[in-house]
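Here's the structure we're looking at; comments come further down.
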Amino acid sequence: MYVCGITVYDYCHLGHARMMIVFDIVQRWLRASGYPLTYARNITDIDDKIIRRGSETGESVAALTERFIRYMDEDFAALGVQKPDYEPRATDHVAEMLEMIGRLEERGIAYRAESGDVNFSVRKFPGTASSGKSLEDLRAGERVEVDATKRDPLDFVL
């Protein structure tokens, strides 16, 4: 079971706790039900928010992320959330991510925007809305302003 973890540039909040508790319950239930399970939860330890926060605090990206990973581990331990079997960090897999993004671009599922970002084209990949909602039911721009360089507001930066 591979789940998306936290982008470590600040303290955890209630939404993080909710997500981690839900994933923890699912992995415990699967194991208790006799399913063999390898549980992986990534840590995003490099992105624009992290770089910006490091500039604001005068910390290196590595120092900043290490600090917030320690806080994250303390918070989840206090909640009784078990650590996953694997907790890969984004910085350890940049080459693989770039290769995969290149393949998505070659297939026309991703595109380079005027901003320089490479976006995933949600509508070009069937089954993207794994939440069970139709793409028309999703509402872009509710949490963050929609980037005008995207072809579709639902597209997201890779």
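When restricted to Cα atoms, the chain yields an Rg and a Dmax of 17.5, 50 Å, respectively.
Counting lysine pairs in the chain whose alpha carbons fall under 26 angstrom apart, excluding pairs fewer than 8 residues apart on the same chain, gives 5. Within the range 66-89, what residues put their amide N at less than 15 Å from the label point 7 Å along the Cα-to-Cβ vector of VAL26? The answer is 82, 84-85, whose backbone nitrogens lie closer than 15 Å to the label point.
Between GLU96 and THR38, the modelled label-to-label distance comes to 1.0 nm, taking each label 7 Å out from Cα in the direction of the beta carbon.
Bear in mind that the values in this text are calculations on the coordinates, not laboratory data. Remember, it's a predicted structure, so these values are computed and weren't measured experimentally. Cβ atoms come from the backbone with ideal geometry, glycine included; neighbour counts cover every protein chain shown.
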